[in-house]
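Data block below; observations after.
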Amino acid sequence: MPGHTSVELTPLGDTAVMVQLGQTINPETHLKVKKLAIYLDQNPIPGMVEYVPAFTTIAVYYDPLKTSYKKICSILELIVSRSEDLTDPKPRTVEIPVCYAEEFGPDLEFVAKYNGLTPDQVIDIHSSNEYLMYMIGFAPGFPYLGGISKHIATPRRKFPRLSIPAGSVGIAGSQTGVYPISTPGGWQIIGRTPLDLFRPNENPPCLLQVGDLVKFRPICREEYDAWKENAQ
């Protein structure tokens, strides 16, 4: 159909189809991914087990006892263009409080020096932008957020840490994100939020969802401690 995305489908193992919706990470491709996800929510494909959205793709997993690769592909070829005709979904804006105190941001000084800035300037720039959540990955509820200013973009650490505390806010290249659980990692850590991003006993278990707009709000150490105390 004129003006619609050409469908690129490839097998992913023997029980999934990879739908390629673009080649570069940008808001336009993300919108195609989000619309297809919405369409699949509203119109589940017979035999589909689940789907997993990413930066430029959606992986559609299916039960081979109920359907086939060929049948899934024929349906996807039809619904990709249909999904693009959906009304643009209005994004949800989520504010994340962050304490950028030195003990919570061990790499803040490095990020500042790498970019020829002061730590306060890094904080101002990081907290003044609005970030688009492209996907969840790496760890349960880990948000990959795009839209970081080139003035604070910083490569990953050469040597990852063996353990990064839950709530740590980091920078890796042109992305920023938040560690929802304690895990090893190589992002440059510049602060920490008192919010729990991964809540396994709730539905949905992840505070942030694909397509959300995220805004970081600086808080002092006293606010951080009070927030954690009230959450207990």
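The values are calculated or read from the model by the stated rules, or taken from the named source; none is laboratory data. Nothing here was measured: the structure is a model prediction, and the numbers come from that model. Cβ coordinates were reconstructed from backbone atoms using ideal geometry, including for glycine residues, and neighbour counts include every protein chain displayed. All accessible areas refer to the heavy atoms of the entire protein, side chains included, with ligands and DNA or RNA removed. Shrake-Rupley method; radii C 1.70, N 1.55, O 1.52, S 1.80 Å.
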Any lysines whose Cα falls less than 20 Å from that of residue 113, other than same-chain ones fewer than 8 residues away, would be 150, 158
Filter the chymotrypsin sites (Phe, Trp or Tyr not before Pro) in the stretch 157-230 down to the DSSP loop ones having no more than 16 other Cβ atoms within 10 Å, then list what survives. none
How about residue 70: which lysines have a C-alpha closer than 28 Å to its C-alpha, ignoring those fewer than 8 places off in the same chain? 32, 34, 35
Whole-Å distance linking the alpha carbon centroid of the stretch 83-123 with that of the stretch 202-227 is 12
Are there trypsin sites (Lys or Arg not before Pro) in the stretch 153-232 that DSSP marks as loop and that have at most 13 other Cβ atoms within 10 Å, and which are they? 158
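If you roll a 1.4 Å probe over the stretch 8-84 with all protein chains in place, what percent of the accessible area is carbon or sulfur? Could the numbers behind the result be given before it?
Working: 2240 of 3970 Å².
The value for the stretch 8-84 is 56 percent carbon and sulfur by accessible area.
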Excluding residue 112 itself, calculate the net charge of residues whose Cβ lies under 13 Å from the Cβ of residue 112, where each Lys or Arg counts +1 and each Asp or Glu counts -1. -4
List the trypsin sites (Lys or Arg not before Pro) within the stretch 1-99 that DSSP assigns to loop and that have no more than 11 neighbouring Cβ atoms inside 10 Å. 66
Per residue value of the accessible surface for the stretch 8-84 (all protein chains in place, 1.4 Å probe), Å²: 52
Which is the longest run of the chain containing none of the GluC sites (Glu not before Pro) found in DSSP loop states (not H, G, I, E, B) with at most 14 other C-beta atoms within 10 Å? 1-101
Please compute the alpha carbon radius of gyration of the chain, then divide it by the globular-protein estimate 2.2 N^0.38 Å. Two decimals is fine. 1.13
List the aspartates and glutamates whose Cα lies under 12 Å from the Cα of residue 228, skipping any in the same chain that are fewer than 8 positions away. 196
